[in-house]
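**Q** Before anything else, here's the structure in question.
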Amino acid sequence: MAVTSAALVGLLVASCAVVAAATRYTVGDGEGWTTGVNYNNWANGKFFRQGDELVFNYQARAHTVTEVSQNNFDSCNGNSPLSNDDGGSTTIRLSYPGMHYFICTIPGHCSNGMKLAVNVNGDPSYSAASAPAAASAVAAAAAGALIKLALF
Ligand SMILES: [Cu+2]
């Protein structure tokens with residue numbers, strides 16, 4: 001358990017360093033992903049670029065981060081999600097340009113405003129192929145650090 005946590009921290013720290021060109025946004029800033037926050041206001045004025053990341057922080061299983069189509073966003077319908085997670089800390093890489101729609105599928109939350117739409121601007125220099133390569137390098141570095149910790 002402690003080893004797993006150390007690996008995760010290592011991954012987080014290392015990936016911040018490697019993906020310096022992309023911006024990592026914490027949705028809702030200090031308030032996180034929860035009820036009672038206006039995510040239109042949060043997104044307003046931000047320039048999201050292809051390759052940027054959204055980090056959703058919330059209590060595990062108290063909320064979900066569910067990416068949906070525009071229609072399902074408008075109707076708060078999470079029955080056919082593009083992606084779904086309720087683990088408590090969800091990072092979404094905005095890998096393609098255009099609109100991305102996120103809702104919480106806990107009953108009543110989306111209809112009370114727990115929904116986020118972001119418009120992602122294309123970045124010609126962004127390469128989807130480079131992301132996994134960077135991630136595996138990071139994983140290797142983290143694994144190396146982990147081995148040193150375990151040996152120590
Ligand atoms: Cu919720």
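The values are calculated or read from the model by the stated rules, or taken from the named source; none is laboratory data. All values derive from a computational prediction rather than experimental measurement. Reconstructed Cβ throughout: ideal geometry from the backbone, glycine too, with neighbour counts over all protein chains shown. We work out accessible area using only protein heavy atoms, side chains counted, and drop any ligands, DNA or RNA first. Shrake-Rupley method; radii C 1.70, N 1.55, O 1.52, S 1.80 Å.
**Q** Taking the convex hull of the alpha carbon atoms in the stretch 20-131, what volume per residue do you get, in Å³?
**A** Values: hull volume 11.6 nm³, N = 112.
Spread over its residues, the Cα hull of the stretch 20-131 gives 104 Å³ apiece.
**Q** Say the dipole of the stretch 14-122 comes from +1 at the beta carbon of Lys and Arg and -1 at that of Asp and Glu; which of S80, Q59, N41 then lies farthest toward its positive end?
**A** Among S80, Q59, N41, the one farthest towards the positive end of the dipole of the stretch 14-122 is N41.
**Q** Still on this structure, I have one more. How much accessible surface does M99 have with a 1.4 Å probe, in Å² rounded to 10?
**A** Counting only protein heavy atoms, M99 exposes about 80 Å² to solvent.
**Q** How big is the charge dipole of the stretch 20-131 about its Cα centre, in debye rounded to the nearest 20, if each Lys and Arg gets +1 on its Cβ and each Asp and Glu gets -1 on its Cβ?
**A** 40
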